[in-house]
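Undergrad: Could you have a look at this structure, given as structure tokens, before my questions?
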Amino acid sequence: MPRKGFIARRESVADPKYDSVIVTRFINTIMGRGKRSVAERHFYGAMKTVEEKTGQDAMTVLKSAMTNVKPVLEVKSRRVGGANYQVPVEVRPERRTALAMRWLISYSRDRNEKSMAEKLAAEVIAASKGEGNAVKKKEDTHRMADANKAFAHYRW
């Protein structure tokens, strides 16, 4: 964190196949140990599977899945007078998309399909329908924020 001033976020380069910054960030989130080509293979394979299974454009399915997974509220821990309170706060737009991507990828890794491309495709299709573990995680986050609404006056 800087001591003075504001550091502007660097914008990612748009993906060559779908011409989308979201796809680049999605691939970067999938990527482990610097293996971009493996992450790209997983992502593009998943998008191909999504198009085959749904019959729709893969980007529209991905965007609907992302909107279904993006959280609006979350809780942050706040210490007041020796006690910790879970204070509900709104989520910034950049963090919303980052959380949605992270949840989609982590819950797709936990699925039982054979390859990562199949797992990711299945989770994206389920999330676009409003089902799946990533959507459940969002609902749990909202439920927790709603349960701790009484501590909203501790917001900073």
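The values are calculated or read from the model by the stated rules, or taken from the named source; none is laboratory data. Treat the numbers as computed from the prediction; the structure is a model and nothing was measured. Don't worry about glycine lacking a Cβ; one is built from the backbone with ideal geometry, like all the others, and counts go over all protein chains shown. Ligands, DNA and RNA are stripped out before the accessible areas are found, and what is left, the full protein with its side chains, is counted by its heavy atoms. Shrake-Rupley method; radii C 1.70, N 1.55, O 1.52, S 1.80 Å.
Undergrad: Can you give the FRET efficiency for residue 80 and residue 20, using 1/(1 + (r/R0)^6), R0 = 35 Å, r = Cβ-Cβ distance, to the nearest 0.05?
TA: Working: r = 42 Å, r/R0 = 1.21.
The calculated FRET efficiency here is 0.25.
Undergrad: Roughly how far apart, in whole Å, are the Cα centres of the range 45-80 and the range 93-109?
TA: For the range 45-80 versus the range 93-109, the Cα centre distance is 8 Å.
Undergrad: Related question: If ligands, DNA and RNA are left out, what is the accessible area of residue 49 with a 1.4 Å probe, given in Å² to the nearest 10?
TA: About 30 Å², rounded to the nearest 10.
Undergrad: With angles folded into 0 to 90 degrees, how steeply does helix 116-128 sit against the dominant principal axis of the chain? Use alpha carbons for both and round to 10.
TA: For helix 116-128, the angle is close to 60 degrees.
Undergrad: Could you look at the range 15-156 and say what percent of its accessible area is carbon and sulfur, using a 1.4 Å probe and all protein chains?
TA: Details: 3790 of 8110 Å².
Carbon plus sulfur share of accessible area: 47 percent.
Undergrad: Roughly how big is the chain's charge dipole about its Cα centre, with Cβ charges of +1 (Lys, Arg) and -1 (Asp, Glu), in debye to the nearest 20?
TA: 820 debye
Undergrad: Okay, moving on. Suppose every Lys and Arg Cβ carries +1 and every Asp and Glu Cβ carries -1, with no other charges. What dipole size does the range 81-140 come out with about its Cα centre, to the nearest 20 debye?
TA: On the way: 12 positive and 9 negative charges, 23 e Å.
Here the size comes out at about 120 debye.
Undergrad: Now for a separate question. Please compute the per residue accessible area over the chain with all protein chains in place, 1.4 Å probe, rounded to a whole number of Å².
TA: Working: 9980 Å² over 156 residues.
Normalised by residue count, the accessible surface of the chain is 64 Å².
Undergrad: List the trypsin sites (Lys or Arg not before Pro) in the range 1-72 that DSSP assigns to loop (not H, G, I, E or B) and whose Cβ has at most 16 other Cβ atoms within 10 Å. Which are they?
TA: Working: sites: 3, 4, 9, 10, 17, 25, 33, 35, 36, 41, 48, 53, 63; in loops: 3, 4, 9, 10, 17, 33, 35.
The qualifying sites are 3, 4, 9, 10, 17, 33, 35.
Undergrad: So for the range 39-156, averaging the separation of alpha carbon pairs under 8 Å that are six or more residues apart and normalising by length, what relative contact order in percent results?
TA: Reported as a whole number, the value is 36 percent.
Undergrad: Read through the labelled values [x] 1, 7, 13, 14, 14, 13, 13, 10, 7, 4, 2, 0, 0, 0; [y] 1, 9, 19, 20, 19, 15, 10, 5, 2, 0, 0; [z] 1, 9, 15, 19, 17, 13, 11, 7, 5, 2, 0, 0 and report the label of the one computed as P(r) over Cα pairs in 5 Å bins from 0, in percent from the structure.
TA: [z]
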